[in-house]
1. Have a look at Y196, Y206 and point out the one that is under 23 Å from the mean Cα position of the chain (by Cα) and either of a type in the set (D, E) or modelled with pLDDT of 80 or more (or both).
2. Are any residues in the range 20-67 surrounded by fewer than 17 Cβ atoms within 10 Å (Cβ to Cβ), in contact with a Leu (Cβ under 9 Å, 6 or more places away or on another chain) and either of a type in the set (G, A, S) or closer than 14 Å to L102 by Cβ (or both), and if so, which ones?
3. Among the residues that make up the range 294-313, is at least one of them among the basic types (K, R), surrounded by fewer than 24 Cβ atoms within 10 Å (Cβ to Cβ) and either under 20 Å from G413 (Cα atoms) or not assigned by TED's automatic domain parsing to the domain that holds Y377 (or both)?
4. Which residues, taken from the range 409-426, are crowded, with 17+ Cβ neighbours inside 10 Å and either polar (S, T, N, Q) or at pLDDT 90 or above (or both)?
5. Within the range 385-393, can one find any residue that is at pLDDT 90 or above, part of a strand (DSSP E or B) and closer than 28 Å to S88 by Cβ?
6. Among the residues of the range 290-307, what is the count of those that are over 14 Å from L324 (Cα atoms) and in contact with a Phe, Trp or Tyr (Cβ under 9 Å, 6 or more places away or on another chain)?
7. For T106, all conditions in the list (1) polar (S, T, N, Q); (2) surrounded by fewer than 22 Cβ atoms within 10 Å (Cβ to Cβ); (3) closer than 30 Å to D10 by Cα hold save one; what is the number of the exception?
8. List the number of the failed condition for A120; all other conditions in (1) modelled with pLDDT of 90 or more; (2) within 30 Å of E193 (Cα to Cα); (3) surrounded by 13 or more Cβ atoms within 10 Å (Cβ to Cβ) hold.
Amino acid sequence: MNGVADAVADIPRTYTALAEWGACLVFVLIVARRMRWLPTVLTVLGGLALLLGVQWAAGAVSVTLWIPGMLVAVAAMFALLFAVLRVSAVTAGYLTARAFVLAELTASIHWQLDRFYADAEPLVKSALLVLVYAVVLTLAWLVEQRHMPRGSHVEVGRTDLVGALAIAAATFGISNLSFVNSSTPFSGRLGFEILYIRTLVDLCGYIALYVQHEVRRNLQSRSEAEAMARLLTSQHDQYEISRRAIDEVNRKYHDMKHHLDAIRAEQDPQSRSRILDDLETSLRDYGARVRTGNAVLDAVLTGKQMYAREHDIPMAVVADGRLLDFLPPLDVTTIVGNALDNAFEATARVAERERRTVKFSLFAHDDFVMLRVENTYDGTLRRRDGRIVTRKDGEGHGYGLRNIEAAVEKHGGSVSLGHEGEWFSLRVLLPRAEAPAGGVAG
C-alpha cells in the first residue's frame, strides 16, 4: 500500500473475520439448514475459528498476498454456508457473494466510526464495535427476510451466481482501490475520504445484490404463476376430455341396439368382424387417458393428447411419471408443457399430415432421469446468437426453451437439443432422486 493509504490504518483482521462470520450467520438464520440446532451451532463456531485463523494467517504474510488471502477467506465463508445450509454449491456461492459484500459493508461502517472517534476510551470503542456490528447485521437480517422467509429453500442458477460474483468483485475492487493506488480518477487521497468512498461503494454493492435478488424473485413468481395457469388449463382440458368421452359413450349407448341388430343381421363373418372393430375404435378414442403414476404429469399429458387428437397429430407416450415425484408441480408443467408446445408448433409446419408425429418418453438412465420429446419438423431451424429459437412472431414468444432450462437448472440438470433427418429432439437430463421400479406406458 502507498503512503496515502498508510495515513488510515486498515481494518484489523479480527474485525474482518467477525464481520464475515456475522454476515454468514445472517443467512444461516434464514435459509433452510441441513442439520439440527446443536450440529449447526458447532459447525458455525468452527466456521468462526476457521475465519479467524485465515485472517490471522493472511495478516502475517506479505501484503502482496493480500488478494489471495481474501480469496481464502471467501472460500472459508463458502465452506461454512455450504456445510450448514440445505443448498446446492451454486446457491452456496451466490449466498457467499452476498455475505461477503455485507461483511465488507459492516466492517467499513464500523471502522469509519472507529477512526472518527480514534481518541475515545478503549471501553467505548469496544462498545462501538458491538453496537455497529449488531445493528448492521440485524438490519440486514430483517431486510433479507423480506424476500427470503425463514426456513425457505433457496435455489438459483449459474447465471444468478455469475451476476452476484461480478457485483461482489466490482464492489470489492472499487471500494479498496484507494488503498492500492491513489492516482486514479476513482481513488481517494485523504484519510477519511478513503473510508467514506469504501463505505459508500460497499453500500451500493449490497443494494445492487439486493435488487438482483428481488428481480430474480419477481421473475420466478411470474414464471410460477404462468406454470400454475398451464397446470389449471391442463386440468380443465382433462375434465373436458372426460366430459366429451361420457357424452359420446352415452350417444353410443343409445345407438348400441341398432349396432347390435346390424351385427346379428350380418351373415358374413368378415363384415361382422369389421363392424365390431370400427365400433371398438370409435369407443376407445373417447376413453383414452394417460396414467403415468404422477397426477400432475397425467393432467398435462392428457390435455396435450386432446390437443394432438383435435389437430390430427399422432402422439405417443411412454413414461414412468413416478420418476418426477421429486419435482414441484410447477416445474413439471413448465418442462413438459413447454417442450410439447414447441414440438406441436414444429410438427404442425410439416406439409404432409401423415409425417406429423410427436413422441414423449420418460425413463431412468443410470443415476439420472431422462425426459425426451421428439417430433418431425420441416427441416428449417431459426438460430439467434447460436441458439435455436422459436419461429413464432410477436411479443411473449421465445420464452419456452428458456423457461425449461431455468426449471431444469434449478435441480442440477441439463437440456440438449438435436436434429437428424426429419426428426428434432429435446432431451432433459435430471439427477435421479429416487429409483422406483418398473415403468408405465401411457
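1. Y206
2. Within the range 20-67, A32, G46 qualify.
3. No: the range 294-313 contains no residue that is among the basic types (K, R), surrounded by fewer than 24 Cβ atoms within 10 Å (Cβ to Cβ) and either under 20 Å from G413 (Cα atoms) or not assigned by TED's automatic domain parsing to the domain that holds Y377 (or both).
4. G413, V415, F424, L426
5. No - not one qualifying residue is present in the range 385-393.
6. 2
7. Of (1) polar (S, T, N, Q); (2) surrounded by fewer than 22 Cβ atoms within 10 Å (Cβ to Cβ); (3) closer than 30 Å to D10 by Cα, only one is false for T106: (2).
8. Of (1) modelled with pLDDT of 90 or more; (2) within 30 Å of E193 (Cα to Cα); (3) surrounded by 13 or more Cβ atoms within 10 Å (Cβ to Cβ), only one is false for A120: (1).
The values are calculated or read from the model by the stated rules, or taken from the named source; none is laboratory data. Every value quoted in this text rests on a predicted model; they were computed, and no experiment measured them. With ideal geometry, Cβ positions are generated from the backbone for all residues, glycine too; neighbour counts draw on all protein chains shown.
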